[in-house]
1. When Lys and Arg each count +1 and Asp and Glu each count -1, what net charge do the other residues less than 11 Å away from L126, Cβ to Cβ, add up to?
2. Once the piece of chain linking E135 and D178 is laid out straight, how much longer is it, given 0.36 nm per residue of separation minus the C-alpha distance between them?
3. Please list R148, R173 from largest to smallest accessible area, probe radius 1.4 Å, with all protein chains kept in place.
4. Along the Cα-to-C-beta direction of D43, a point sits 7 Å from the Cα; which residues of segment 63-82 have their amide N less than 20 Å from that point?
5. Once you have a ≥ b ≥ c as the square roots of the Cα gyration tensor eigenvalues for segment 75-138, tell me rounded if a/c is under 1.5, and otherwise prolate or oblate according to whether a/b is larger than b/c.
6. Could you do me a favour and compute the accessible area per residue for segment 61-129, 1.4 Å probe, result in Å²?
7. Show me 70-76, 101-107, 124-130 ranked by packing, highest mean number of other Cβ atoms within 10 Å first.
8. How far apart, in nm, are two points set 7 Å out from the Cα along the Cα-to-Cβ line at A161 and at A116?
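The values are calculated or read from the model by the stated rules, or taken from the named source; none is laboratory data. Please read these numbers as outputs of a predicted model, since none were measured by experiment. Quick reminder, even Gly has a Cβ in these numbers, built from the backbone with ideal geometry, and neighbours come from all protein chains shown. Ligands, DNA and RNA are excluded from the accessible area calculation, which covers all protein heavy atoms including side chains. Shrake-Rupley method; radii C 1.70, N 1.55, O 1.52, S 1.80 Å.
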Amino acid sequence: MIVSLVGCAGCDSGGAAPEGEPRAGGERFTPLDRLEAVQVAGDLPAGIEGPSSVLAELHYGHGRLIAYVRGDACEIVATPGPDAGAVPIHLVAKRPGGGEGSSSLPAGPYTAASVAAGPRTWASLLCGENAMVIEYASGGEDAPRQVRGPVTVTRPGARPATSRIIIGDPGARRLIEDAPAARAAVTQIPRG
């Protein structure tokens, strides 16, 4: 069984600038669908179908999380380790259309989706044109052993066994990581 959710919870008016125009503060970001894709180790998990671009792969013990874009959506597939007591997660959030989404973090606006897949395993996903922000509790290890792609991983201080995964170009990741809403992240996890 795979837990799958498509959502736009908490969407509100965000006033996105048209594509190609500077964002707030004059920043220009590389859209997610223009970032360089990564090759995953081994086979793609079930649930990744059709043309897609894998942007990040993170290994947690015996499990892994893959983040990718397909069409107008951000998606993740997370397969927890066999002893985590959870089912795989497939989470989808569509990128916000004109004037939709939340601007709670820089490089937005974003739409949101979340799901719980076991007693200690859950994921939330913010999807924007220029960045993807994921919070993931793997049910086991709180830090990935290996990280690949245009990604910054931190651990939110108040949530044990949770990773905050920020995907985007370096400027977008830096702005999101430094934003007041994201400052709860206290430990940078090294890339492997």
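1. Counting the neighbours of L126, the net charge comes to +1.
2. Details: separation 43, 0.36 × 43 = 15.48 nm, distance 1.61 nm.
Extra length from E135 to D178 when fully extended: 13.9 nm.
3. Details: R148 65, R173 35 Å².
In descending accessible area the options line up as R148, R173.
4. 63-68, 76-82
5. Values: a/c = 3.10, a/b = 2.77, b/c = 1.12.
Taking the square roots of the gyration eigenvalues as a ≥ b ≥ c, segment 75-138 is prolate.
6. Values: 2380 Å² over 69 residues.
Heavy-atom accessible area per residue stands at 35 Å².
7. Numbers: 70-76: 19.7, 101-107: 22.1, 124-130: 25.9.
In decreasing order of mean packing, 70-76, 101-107, 124-130 become 124-130, 101-107, 70-76.
8. Spacing of the two 7 Å Cα→Cβ label points: 1.3 nm.
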